[in-house]
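Contents: one structure, followed by commentary.
Please treat every number below as a calculation from the coordinates, not as lab data. In this text the structure is predicted, and so the values were computed from the model without any measurement. When we count neighbours, we look across all protein chains shown, and the Cβ atoms used for this are built from the backbone with ideal geometry, even at glycine.
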Amino acid sequence: MDYDIKDISLASQGKKRIEWAERDMPVLAETYARFEKEQPFRDTKMSLCLHVTAETANLARALKVGGADVLLCASNPLSTQDDVAASLVQDYGIRVYAIRGEDRDTFFSHIKTAIAHQPQITMDDGADLVSTIHNEFPSELAKLWGSMEETTTGVIRLRAMAKDGALRIPVVAVNDAKTKNLFDNRYGTGQSTLDGIIRATDALIAGKNFVIAGYGWCGRGLALRARGMSAQVIVTEVDPIKALEAAMDGFRVMPMQTAAPIGDIFCTVTGNINVLTKDHFRLMKDGAVVCNSGHFDVEVNVKDLAALASSVRKDVRRFVDEYVITGEKGSARIYLLAEGRLINLAAAEGHPASVMDMSFSTQALAAEWMVKNHASLSPQVYEVDSEIELYVASLKLKTMGLGIDALTAEQKEYLASWQHGT
Ligand code: ADE
């Protein structure tokens with residue numbers, strides 16, 4: 001079997017990690033058992049471009065046991081868990097092309113290998129696989145039934161392609177499912193981002209001025225968790241409604257220019273470029289910590305930071321680079337974490353398995369839906385079928401030992417009627 005990973009001898013450690021995650025993924029386990037019986041992916045080739053983590057390993061296993069011929073490559077050069085990659089190859093017979101820290105050329109050569117697999121179904125986290133097929137291998141599009149997209153940034157790119165008339169395959173916006181973004185984006189990003197910042201810096205969060213750029217689901221989750229650890233949370237936004245929401249959720253709201261001299265820790269989660277630039281670095285205080293938890297490493301302008309710096313010390317601590325700049329108030333050390341790449345997967349382990357259980361069950365069931373329905377789909381961005389969301393949410397509740405009420409016949413009749421009033 002062909003593959004390209006760091007070191008196959010890491011497999012036994014990776015297997016333990018996959019099994020540990022599996023304990024916390026009961027909804028996916030139920031899906032695994034059904035897929036094993038029903039073989040929904042028999043004779044289907046799948047290429048997955050996802051973060052290569054223990055949770056993704058369990059998704060890949062569920063697809064494989066359902067009959068798919070699965071190949072996995074990384075959706076980010078810094079997020080691969082090399083031991084997990086090794087175990088997927090050795091213990092589960094899944095071809096993996098991912099090495100933590102791989103350079104850009106290797107990253108794209110792995111994506112090209114995923115395309116050469118000639119998949120009928122692809123899964124993306126950030127839309128790199130789908131956009132590379134469209135841009136460089138359009139002849140492969142004819143074989144492709146469709147794709148699944150895991151993250152906000154990827155869905156934004158795909159919608160832009162659809163708007164331009166450039167999208168040539170159906171895609172399912174898995175990110176937009178409630179069973180994904182309400183939990184993964186909010187509680188997953190909130191917790192794993194703090195986990196990454198703390199592992200990288202060992203900083204005490206209590207009492208810090210913690211500046212969060214962006215108040216989407218990820219920003220909300222991060223703000224909630226930072227407040228829970230007694231930080232003074234400041235939110236910056238461009239959307240008046242989200243800004244208002246942040247204010248009424250009890251956070252301080254201000255432009256980044258105002259927040260820059262105040263913040264101790266800055267984290268971007270906007271999905272946009274150049275959120276922190278030289279205009280802000282110049283104002284920051286000595287010791288400010290800067291990081292990003294958005295998908296691409298474009299939110300913190302690292303080139304600006306390097307251009308301002310009189311000296312740069314790489315790896316003053318694992319995942320921490322020190323930039324000494326001459327700012328408005330004299331010399332200041334600014335600490336950039338994980339080179340501005342997503343901190344939760346670079347310095348920590350990404351979202352916990354329990355929340356990825358919901359995201360990846362949604363993902364697996366959406367893939368099954370795609371296989372069943374591909375013949376009647378057109379090139380556009382589809383929502384996840386609401387039946388899938390209901391199934392995932394109900395089963396997750398059940399596995400958490402939680403029951404809910406059911407509408408009585410009288411309540412159903414009341415909700416369906418327009419005649420009841422004052
Ligand atoms: N995205 C965020 N956390 C993740 C994880 N643990 N596995 C895969 N993708 C992720």
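Computed quantities for the displayed model
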quantity	calculated
Lys/Arg +1, Asp/Glu -1 at C-beta; segment 143-295 dipole; positive extreme among SER147, ALA247, GLY207	SER147
Estimated [θ] at 222 nm from DSSP helical runs (n ≥ 4, -39500 (n - 2.57)) normalised by residues in the chain, nearest 500	-12500 deg cm²/dmol
Candidates SER359, SER109, SER310, ranked by Gaussian network fluctuation over the chain, Cα under 10 Å, top entry	SER310
Segment 86-190: mean projected area of Cα convex hull, nm²	8.0 nm²
FRET efficiency, LYS303 to ASP103 (Cβ-Cβ, R0 22 Å, nearest 0.05)	0.80
Fluctuation leader among LEU395, LEU71, LEU336 - the chain, Gaussian network, Cα springs under 10 angstrom	LEU395
Length-normalised contact order for segment 263-413 - Cα pairs under 8 Å, 6+ apart - percent	18 percent
Relative contact order of the chain, pairs being alpha-carbon contacts under 8 Å that are 6 or more residues apart, as %	16 percent
Segment 157-174 versus segment 61-88: alpha-carbon centroid distance in Å	25 Å
Fluctuation leader among GLY196, GLY216, GLY165 - the chain, Gaussian network, Cα springs under 10 angstrom	GLY165
Rounded to whole Hz, the Karplus (6.51, -1.76, 1.60) HN-Hα couplings of segment 70-84, x for glycine and proline	9, 10, 10, 10, 7, 9, 7, x, 9, 9, 5, 9, 4, 5, 5
C-alpha center-to-center spacing [segment 390-413, segment 261-277] in angstrom	40 Å
Degrees between helix 189-201 axis and first principal axis of the chain (Cα, 0 to 90, nearest 10)	40 degrees
Listed residue (PHE281, THR326, GLY421) projecting farthest to the positive dipole end of the chain, Cβ model	THR326
Sequence-distant residues sharing a close amide H with ILE234 (under 5 Å, placed H)	PHE210, VAL211, ILE212
Where trypsin sites (Lys or Arg not before Pro) in DSSP loops with at most 12 other Cβ within 10 Å are excluded, longest remaining stretch of the chain	43-317
Contour excess over end-to-end distance, with Cα ends at SER12 and ALA203 and 0.36 nm allotted per residue	65.5 nm
Nearest-ten-degree value, helix 104-116 long axis tilted from longest Cα axis of the chain	10 degrees
Only Lys, Arg (+1) and Asp, Glu (-1) charged, at Cβ; segment 1-105 dipole about Cα centre in debye	220 debye
Modelled FRET efficiency - R0 22 Å, ARG317 with SER230, Cβ distances, 0.05 increments	0.40
Relative contact order of segment 1-87, pairs being alpha-carbon contacts under 8 Å that are 6 or more residues apart, as %	45 percent
Segment LYS329-MET400, extension gain: residue separation times 0.36 nm, minus the distance between their alpha carbons	20.3 nm
Value of Rg/Rh across segment 273-422 [Cα atoms, Kirkwood radius]	1.23
Global form of the chain, assessed from the alpha-carbon gyration tensor, a/c cut-off 1.5	oblate
Built amide H within the under 5 Å cut-off of VAL320, gap 5+	ASP315, ALA338
For VAL172, residues with placed amide H under 5 Å, excluding near neighbours	SER147, MET148, GLU149, TYR382
With Cα atoms, 0 to 90° folded angle of helix 26-38 axis to the chain main axis	30 degrees
Calculated from backbone phi, Karplus (6.51, -1.76, 1.60) coupling profile of segment 52-64 in Hz, x at Gly/Pro	8, 10, 4, 6, 5, 4, 5, 5, 4, 5, 5, 5, 5
Note, ³J(HN,Hα) from phi for segment 328-341, Karplus 6.51, -1.76, 1.60, rounded to Hz, x at Gly and Pro	4, 10, x, 6, 9, 8, 10, 9, 9, 9, 6, 6, x, 7
Quotient of Cα Rg and 2.2 N^0.38 Å for segment 321-397, N being how many residues it contains	1.88
